[in-house]
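The block underneath contains the structure these notes are about, expressed in structure tokens.
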Amino acid sequence: MPRTGVENTTLAEVAADFGLHEGTIRKWVRQSELDAGNPNDRKPGLSTDEKDELGTLRRRNRALEQELEVMRRAAAYFGQAQIRSK
């Protein structure tokens, strides 16, 4: 069984103590290792800060895409209005 490094306690024991699934504890440990790890010697995955930044950038990108679609529709609408008025 995997050891937590604290008094030879296994992840399963920690999970049982807190009433959580062992996979949840394992995920938290892995994320903590990613957050604290050396960027040159890191496991694959994003740190918490990187995940937050990625989420922010995706939301911003979605908003910009929506604004662009509104501008395209407005340009098409006003373009049609100008064609009809000639």
In the stretch 1-15, how many residues are surrounded by fewer than 13 Cβ atoms within 10 Å (Cβ to Cβ) and either of a type outside the set (S, T, N, Q) or modelled with pLDDT of 95 or more (or both)?
-> 6
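So, in the stretch 29-86, of the ones that are outside any helix (DSSP H, G or I), loosely packed, with under 10 Cβ neighbours inside 10 Å and within 25 Å of the chain's Cα centre (by Cα), which residue ends up modelled with the highest pLDDT?
44
The values are calculated or read from the model by the stated rules, or taken from the named source; none is laboratory data. Note that the coordinates shown come from a computational prediction; the quantities given were computed from them, not determined experimentally. Don't worry about glycine lacking a Cβ; one is built from the backbone with ideal geometry, like all the others, and counts go over all protein chains shown.
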